[in-house]
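Novice: I'd like to ask some things about the structure below.
The values are calculated or read from the model by the stated rules, or taken from the named source; none is laboratory data. These numbers come from a predicted model, not from an experiment. Cβ: placed from backbone, ideal geometry, glycine included. Neighbour counts: every protein chain shown.
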Amino acid sequence: MANPYRTSKPEEEIADYTRERQRKRSMDAPFLILVLILMTVGLIMLLSASYARAYYEGNSPISIFIRQLFFAAVGLVLMMLLSRMPLSIYKKWSMRVLLIAVALMLLVPIIGTRANGAKRWINLGLFTIQPSEIAKISVIMAFSAMICKYRDKMKTWRYGVMPFAGILIAFAGLLALEPHLSATIIIVLLGAALMFLGGSPLSAFVLGGGGLAGLIFLYTKFSYASDRIEAWRNPMTHESDTAYQIKQSLYSIGSGGLSGVGFGESRQKYMFLPEEHNDFIFSIVCEELGYIGAVTILILFALLIIRGFWLATKCPDRYAFLLCCGVSTLLSIQVVLNVSVVTNLIPCTGVSLPFFSYGGTALMLQLAEMGIVLSCSRTIPDKKKLMTAQNLQI
Amino acid sequence: MSSNQNGRRSVKGPTEQMKRRTLLLMAVCGIVAFIVLAFQLFKIQIIEHDRYEADALSQQIGTTSSIAERGTIYDTNMKALAMSSEVYTVFIDPKAITERNEDINLIADELNDLLHVDRAEVISKMDNKDSQYAVVARKVDPDIVEKIKSFKEINNITTVHFEKDYKRYYPYGSLACHVVGFTGSDGTGLQGVEYEYNSVLSGAEGRKVQAQTANGKPLMFTDYEDTYTVQNGLNVVTTIDSTIQYYLEKRLQEAVEKYDIQNGAGAIVMNVKTGAILGMASLGNFDLNDYLAVDEETQKKADEASDKESDEIMSEARSLMWRNKCISDTYEPGSTFKILTLAMALQEGLAPEESDNYFCEGSVQVEGDTVARHCWDVSGHGEQTLTQAVQHSCNVAFVNIGQKIGAERFYKYCDAFGLLNITADEEESLTGLTGVDLPGEARSIWWSENVFYNPEVRSQLAAASFGQTFNVTPLQMVTAVSACVNGGYLMEPYVVRELVDDNGDSVYTHDSTPVRQVISEETSDKICEILEKVVNDPVDGTGKNAYVAGYRIGGKTGTSEKVSKLADTGEKEYIVSFMGIAPADEPEIAILAFLDTPKDDGENYISGGQMGAPTVGAMLSDILPYIGVEAHYSEEEILNRDRGVPDVLEKKISDAAKAIEDSGMRYRVIGDGDKVTKQLPAAHSVIAAGSEVILYADEEPSNNKETMIDLIDYDYVTAREKLSQLGIFISTSSPVSSPDTQLITSQSIAEGEQVEHGTIINVTLRTSGGGSMIGRY
């Protein structure tokens, strides 16, 4: 077809151009912007939530914020690096990361450090890492790779259930040693979600769900857990640290009202609310920014998650699709569980709020996960460019 | 290429099932879960907002208060009668002691040493490790706090703290104790002005309401703060003059001792023109700085008794001691009330100076009375003028005057004088109050109108005419009498004339507007005239013992039987009193002294004239010069009154002799020198007129001592001469009108004591005039 406006190019040239375009294909801007907004808001709120305690404990009021800012910077660099990494590298490392995670998890009982009655951390001198955080990424990467590998065999129990369940049970076992209930829940839910997407037989979920329900029932019989159940039911009257924490959290959130007491004006952060810059930072957000602010932040999270899933469906590669879904699901589980805990929707368990809670390694890993999604987003062919390329061929 | 690429994508991309499941997962993770969260937040933040906010605020808000300084109570000359001094509450922070690991024993020893608190108790307070506030001692003086502060510094102790507080202090101790009152340990006024004006004295506590951390520290930045500044109490300026009060109490105390008063005594001085109470004393009194302490005897009794009895004894003794007899006790005023009967009769024109009505044959029985009313002089006063009837305090004459006035009129006058309070509702108690600004004013006790007006029961009016069968408070009497002598105006008595704030600005000033005019100015003048004759007539005046040389004093005696006591126990007990006014020509003050139950030991005749009048006389001799009433002595008084010895040392004998004679004294010279080398008594000593001063000319008085002789019942002149022989001199604080007839009733140096030459003995003299005036008037 003759087109007077185009300069005819040889086929090789077209192919080169397409490859070139693909390499330079930009990452998804809305997703990146949402991440940056949430991270910025999170950092600012961390400053607000943390300065009081830092000050009254004799430290610089901004000491916690500065430390987090450093990790945020490192995390951003990591995110950008990972976003430029081709998919093939991820694929190659999928199972290795799983092995590293398992190895680290095995190390925890040996060289881990103990805090608040649980051994969950490995001290690396400058900072500590939580192997369970790495385990979460490893599950996403490994499961995605496995799903791609097994393809149609996912429908079978042998391939579609057993290996996955095996890995999950192994992690669950290792986490139970620490103990780390919240991480167990997150990893199991995350794994189940990926299996669900991968096409595992639904009967497995029915069975697994039933088994879990039974386990939970048994678990609540332990005093460690039943105490939490009691605190959950009667946060105002139950006499325990957990109930106190929930009560203070509800005071914070309730005090916020529609429009909040104003940024920086929280009074609950003055040592009334424990963990105000960690797991319970969202309570301070609710107090200071009110219902309007809290819901806005939830909407930002929801948009990020939806954008992650949407990007997934656009990915030309199944592995990339699964990675995006996995990361989005993980993000959703963390946010929903965290907010559910601070609002006393579910019994108290220690889940941090991504981008908000204090914790350098967690923030770095979260940004790394975002980097993975951004990397995947590069594989999505730009429709316009693709059309042009196709037109070129035609 | 195209088909190849498409095919590859369809193999490598998500399957349709995956896409469907992704949508489902996305819906759950990205939408449904968040809607649930939004609902939960809505419930907490919007629906339950108020509840959580209130609960949160209650834990976030801390109140720090600062105590207001209680106002000072001043006397009328701005001398502080009650003041607050800064003290401290010492407390420890047991939590911090544990956290900072401070030396418990060191702290406990030091506090034990400085504050005298039990060491073990301090240690046990430190054991309460959750507490941050454990009081160790209250009302600690600043100098001790300074010592603790330096101890803290030296030993690096940080956990002992201080809190400002105030302690009440009464510089004059027991002076005017019933009027000033006292505060309890919590600083609330419990008696007197301290109680009555508690709300203005106490001021308003300052409060700072602010958001605080869970550890009670102020927030770093917050404008959530509400401050209510401390408002110190107002200063109360009373009408009490501490000098007058001192004289009152001193003279009253002397009387109590002299007449062996069994049941306490009281005295009131009132400014008749304003109703201001210049002095109000009630005995026995107590030290305001130690208001719980009872007298030794009671304390001993309480110590010996069982616990329960002991408590009873103590509380009974205290309530008796704290009782302001001037306003809280009622009594039958007796003859002092005749002033009011006189006022009614004069005002109504029912008491001409001369009338048969005043004829006294010793007793009278009016129509309808069950008993004859006796005069104190059972032989009767015979024919007398109105003035004489008052001078004699003749009951018979006053019964007759009362009959003329009539029950109804009498009653209404009593109402007008504020002694009772006639109300429309007859059933209501007919009792009066002066409305004085002091707590615990008792109401008077009267017959009801029905009974009093009943023509068939006339006994009430007959007895009421001379002040029996009803009860009023001493203050009511003073107030009513003031109205009789100040031109007829009933004033409301008061003790607080002004409230002043910290800057010295007046917040309130008492308004001395008369309640009403009861009698005319003419009547009032007439009353003053007659009352003066009760005192200044050495022959007929039953109140002559109240006379003070140089001053015009009026008054009326009173001896009232405690009728109810008689009915109860059969014992005859009396309250003797004297109501004085001065100066009689233009009264400024009214003064009442009453002595409850003098001991009947036969030595002193129990009557207002014998006990009340001299007491008031003594008080007035102090008060009148103090308040600046000028003395005008009669010629006789100038002639007879004690005088100062001139300074004649080193003078020629002849000059000295002249100087002494010019002073109305005599002299004798010992020695042959021509100059006075020594004189007895010393220059400026005050001694009796006509005394013989001893002048030594080159001689020395002998060092021999002389034995004091008994002077009782000698007249003043004889005593002077007897002592002169011994080289002793005499003086008196009693008025001297006729020194050769006035008998000595007491002497300051007892018989038998050894005294040096030149000593001056002080004696009291019976007023001149007929010794026949023995009676209960």
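Novice: Anything in segment A:306-318 that is part of a helix (DSSP H, G or I) and either surrounded by fewer than 24 Cβ atoms within 10 Å (Cβ to Cβ) or facing chain B (nearest Cβ under 7 Å) (or both)? List them, or say none.
Specialist: Applying the first criterion (part of a helix (DSSP H, G or I)) to segment A:306-318 yields A:306-314, A:318.
Once the filter is applied, which keeps residues that are part of a helix (DSSP H, G or I) and either surrounded by fewer than 24 Cβ atoms within 10 Å (Cβ to Cβ) or facing chain B (nearest Cβ under 7 Å) (or both), segment A:306-318 yields A:I306, A:R307, A:F309, A:W310, A:A312, A:T313, A:K314, A:R318.
Novice: Failed condition for A:E288, given (1) out of contact with any helix residue (DSSP H, G or I) (no Cβ under 7 Å at 6 or more places or on another chain); (2) buried (at least 23 other Cβ atoms within 10 Å of the Cβ); (3) among the charged types (D, E, K, R), with all others met?
Specialist: So the condition that A:E288 fails would be (1).
Novice: Name the one entry in A:L207, A:L189, A:L212, A:L175 that is over 30 Å from A:Q268 (Cα atoms), touching a strand residue (DSSP E or B) at 6+ places or on another chain (Cβ under 9 Å) and in the same structural domain as A:M105 (by TED's automatic domain parsing).
Specialist: Numbers: A:L207 fails: touching a strand residue (DSSP E or B) at 6+ places or on another chain (Cβ under 9 Å); A:L189 fails: touching a strand residue (DSSP E or B) at 6+ places or on another chain (Cβ under 9 Å); A:L212 fails: touching a strand residue (DSSP E or B) at 6+ places or on another chain (Cβ under 9 Å).
Unique residue meeting the criteria: A:L175.
Novice: Filter segment B:121-143 down to the residues that are surrounded by fewer than 16 Cβ atoms within 10 Å (Cβ to Cβ) and under 26 Å from B:G184 (Cα atoms) and list them by number.
Specialist: B:E121, B:Y133, B:V135, B:R138, B:K139, B:D141, B:P142, B:D143
Novice: Of the numbered conditions (1) among the polar types (S, T, N, Q); (2) at the interface with chain B (Cβ under 7 Å from one of its Cβ atoms); (3) touching a Pro at 6+ places or on another chain (Cβ under 9 Å), A:Q268 fails exactly one; give the number of that condition.
Specialist: So the condition that A:Q268 fails would be (3).
Novice: In segment A:158-189, what residues are in a helix (DSSP H, G or I) and more than 23 Å from A:Y319 (Cβ to Cβ)?
Specialist: Going through segment A:158-189, the residues in a helix (DSSP H, G or I) turn out to be A:158-160, A:162-177, A:181-189.
Scanning segment A:158-189 gives A:I169, A:A172, A:G173, A:L174, A:L175, A:A176, A:L177, A:L181, A:S182, A:A183, A:T184, A:I185.
Novice: Another question about this same structure. At least 3 residues that are without any contact (Cβ under 8 Å) to a residue 40 or more places away in the chain in each: list the strands (runs of 3 or more DSSP E) lying fully within segment B:194-272 that qualify.
Specialist: Details: elements: B:206-211, B:225-228, B:235-238, B:265-271.
Passing ranges, in order: B:225-228.
Novice: Right, next: Go through segment B:409-442 residue by residue and tally those that are more than 27 Å from B:N271 (Cα to Cα) and modelled with pLDDT of 90 or more. Spell out how you get there, then give the answer.
Specialist: Narrowing segment B:409-442 to residues more than 27 Å from B:N271 (Cα to Cα): B:409, B:423-430.
Restricting the remaining residues to those that are modelled with pLDDT of 90 or more gives B:409.
So the answer is 1.
Novice: Where residues in segment B:498-552 are surrounded by fewer than 17 Cβ atoms within 10 Å (Cβ to Cβ), in contact (Cβ under 8 Å) with a residue 12 or more places away in the chain and among the small types (G, A, S), which of them is nearest to B:I581 (Cα to Cα)?
Specialist: B:S520
Novice: Could you go through segment B:7-30 and let me know if any residue there is in a strand (DSSP E or B) and either at the interface with chain A (Cβ under 7 Å from one of its Cβ atoms) or at pLDDT 80 or above (or both). Steps first, please.
Specialist: Taking segment B:7-30 first, the residues in a strand (DSSP E or B) are none.
The answer is no, given that none of the residues of segment B:7-30 is in a strand (DSSP E or B) and either at the interface with chain A (Cβ under 7 Å from one of its Cβ atoms) or at pLDDT 80 or above (or both).
Novice: Pull up segment B:487-497, narrow it to residues that are of a type in the set (A, V, I, L, M) and in a strand (DSSP E or B), then point me to the one that is surrounded by the fewest Cβ atoms within 10 Å (Cβ to Cβ).
Specialist: Here is the first cut: in segment B:487-497, the ones of a type in the set (A, V, I, L, M) are B:490-491, B:495-496.
So of that shortlist, the ones also in a strand (DSSP E or B) come out as B:490, B:496.
Details: B:L490: 21, B:V496: 25.
That would be B:L490.
Novice: Go through segment A:28-76 and count every residue that is over 25 Å from A:A294 (Cα atoms), in contact (Cβ under 8 Å) with a residue 24 or more places away in the chain and either of a type in the set (D, E, K, R) or not assigned by TED's automatic domain parsing to the domain that holds A:L303 (or both).
Specialist: The total comes to 1.
Novice: Of all residues in segment A:260-305, which are assigned to a helix (DSSP H, G or I), of a type in the set (V, I, T) and touching a Ser or Thr at 6+ places or on another chain (Cβ under 7 Å)? Quick ask: steps written out before the conclusion?
Specialist: Step one: filter segment A:260-305 for residues assigned to a helix (DSSP H, G or I), giving A:281-305.
Filter again for of a type in the set (V, I, T), leaving A:281, A:284-285, A:292, A:295-297, A:299, A:305.
The answer is A:I281, A:I284, A:I292, A:I305.
Novice: Okay, moving on. If you take the residues of segment A:319-348 that are of a type outside the set (A, V, I, L, M, F, W, C) and in contact with a Gly (Cβ under 8 Å, 6 or more places away or on another chain), which of them is nearest to the other protein chains (Cβ to nearest Cβ)? Steps first, please.
Specialist: The initial filter retains those residues of segment A:319-348 that are of a type outside the set (A, V, I, L, M, F, W, C), namely A:319, A:326, A:328-329, A:332, A:334, A:338, A:340, A:343-344, A:347.
If we keep only those that are in contact with a Gly (Cβ under 8 Å, 6 or more places away or on another chain) as well, we get A:328, A:332.
Working: A:S328: 7, A:S332: 4 Å.
Among those that are of a type outside the set (A, V, I, L, M, F, W, C) and in contact with a Gly (Cβ under 8 Å, 6 or more places away or on another chain), it is A:S332.
Novice: Next up: Checking A:V335 against (1) modelled with pLDDT of 95 or more; (2) surrounded by fewer than 24 Cβ atoms within 10 Å (Cβ to Cβ); (3) in contact with a Pro (Cβ under 8 Å, 6 or more places away or on another chain), only one condition comes out false. Which one?
Specialist: Condition (2) is where A:V335 drops out.
Novice: The conditions are (1) within 18 Å of the chain's Cα centre (by Cα); (2) of a type in the set (D, E); (3) within 14 Å of chain A (Cβ to nearest Cβ), and B:E254 fails exactly one of them. Which is it?
Specialist: (3)
Novice: Among B:D118, B:D113, B:D50, B:D103, which is surrounded by fewer than 17 Cβ atoms within 10 Å (Cβ to Cβ), within 14 Å of chain A (Cβ to nearest Cβ) and of a type outside the set (V, I, T)? Break it down into steps so the answer makes sense when it comes.
Specialist: Details: B:D118 fails: within 14 Å of chain A (Cβ to nearest Cβ); B:D113 fails: within 14 Å of chain A (Cβ to nearest Cβ); B:D103 fails: within 14 Å of chain A (Cβ to nearest Cβ).
Only one candidate passes the filter, namely B:D50.
Novice: Additional query: Every residue in segment A:331-367 that is in a helix (DSSP H, G or I) and closer than 22 Å to A:I122 by Cα, please.
Specialist: Of all residues in segment A:331-367, those in a helix (DSSP H, G or I) come to A:331-342, A:360-367.
Residues satisfying the conditions are A:Q334, A:G360, A:T361, A:A362, A:L363, A:M364, A:L365, A:Q366, A:L367.
Novice: Okay, moving on. Of the residues in segment B:729-759, how many are under 29 Å from B:M619 (Cβ atoms) and over 40 Å from the mean Cα position of the chain (by Cα)?
Specialist: 1
Novice: Just name the residue that is modelled with the lowest pLDDT out of those in segment B:615-661 that are charged (D, E, K, R) and not in a helix (DSSP H, G or I). Before the answer, list the steps.
Specialist: Start the filter on segment B:615-661 by keeping residues that are charged (D, E, K, R), which leaves B:622, B:630, B:635-637, B:641-643, B:647, B:650-652, B:655, B:658, B:661.
Right, trim to not in a helix (DSSP H, G or I) and you get B:630, B:641-643, B:647, B:650-652.
Values: B:E630: 89, B:R641: 83, B:D642: 86, B:R643: 87, B:D647: 90, B:E650: 89, B:K651: 89, B:K652: 90.
Filtering first and then ranking leaves B:R641.
Novice: Follow-up. Just the residues that are outside any strand (DSSP E or B) and within 14 Å of chain A (Cβ to nearest Cβ), please, taken from segment B:53-83. Please lay out each step first, then the result.
Specialist: Initially, segment B:53-83 is screened for residues outside any strand (DSSP E or B), giving B:53-60, B:67-72, B:75-79.
Once the filter is applied, which keeps residues that are outside any strand (DSSP E or B) and within 14 Å of chain A (Cβ to nearest Cβ), segment B:53-83 yields B:E53, B:A54, B:D55, B:A56, B:L57, B:S58, B:Q59, B:Q60.
Novice: Can I ask one more? What number of residues within segment A:221-257 are assigned to a loop (DSSP other than H, G, I, E, B), at pLDDT 90 or above and either under 28 Å from the mean Cα position of the chain (by Cα) or more than 11 Å from chain B (Cβ to nearest Cβ) (or both)? Break it down stepwise before answering.
Specialist: Taking segment A:221-257 first, the residues assigned to a loop (DSSP other than H, G, I, E, B) are A:221-222, A:234-240, A:257.
After this cut, where a residue has to be at pLDDT 90 or above as well, the list is A:257.
Narrowing the set further to residues that are either under 28 Å from the mean Cα position of the chain (by Cα) or more than 11 Å from chain B (Cβ to nearest Cβ) (or both) leaves none.
The total comes to 0.
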